[in-house]
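Enquirer: Before I ask anything, here is the structure I am working with.
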Amino acid sequence: MKSILFFSVAFFVIASPVFGELTPQDLDKIRLIVKEEISASEARMRAEIAASEKRMKEYVDIKFESVNIKFDSMDERLILVVGFVSALIILIVVTVGIPQMIMAWRGKNERSQDKKIEELSREIEALKQQRIVGPYE
């Protein structure tokens, strides 16, 4: 028991500096160390953020270029489709319109010929009437 008591007292004598208080100089040193670490950490974070922003801008630029290329190709395809549709409409108009115009022209000619035929048939009737009436006179 005496040995336990002796070791306990010796331990408390040796361990007494543990219960010592921090002096203002110690606190200032701790603050200085913490400030240095914080400033170093902030500098690293700023550098990382700048690098991250740069990578993000490059990535976005690449994606926008890709989208622009896709829009350009879609624009070219759309122009091609509009050209084909326009050509098809023109072809339909030509294939339907030209025969209609020819038929209208022929119809006009036929009408003028019908008028001439009708005039000639009147003249023939008039001549027949004169001939029939003429020999008996």
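Enquirer: So how many residues does segment 54-75 have that are within 12 Å of the chain's Cα centre (by Cα) and among the hydroxyl-bearing types (Ser, Thr, Tyr)?
Expert: 2
Enquirer: Here is a follow-up. Assess whether MET74 counts as being modelled with pLDDT of 90 or more and surrounded by 10 or more Cβ atoms within 10 Å (Cβ to Cβ).
Expert: Working: modelled with pLDDT of 90 or more: yes; surrounded by 10 or more Cβ atoms within 10 Å (Cβ to Cβ): yes.
Against the criterion (modelled with pLDDT of 90 or more and surrounded by 10 or more Cβ atoms within 10 Å (Cβ to Cβ)), MET74 qualifies.
Residue-by-condition table, conditions (1) modelled with pLDDT of 90 or more; (2) surrounded by 10 or more Cβ atoms within 10 Å (Cβ to Cβ):
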{"site": "VAL9", "(1), (2)": "no, yes"}
{"site": "VAL13", "(1), (2)": "no, no"}
{"site": "LEU32", "(1), (2)": "yes, yes"}
{"site": "GLU42", "(1), (2)": "yes, yes"}
{"site": "ALA51", "(1), (2)": "yes, yes"}
{"site": "ASN109", "(1), (2)": "no, yes"}
{"site": "LYS115", "(1), (2)": "no, yes"}
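The values are calculated or read from the model by the stated rules, or taken from the named source; none is laboratory data. Just so it is clear, the model here is predicted, and its values are computed rather than measured. All Cβ positions, glycine included, derive from the backbone under ideal geometry; neighbour counts span all protein chains shown.
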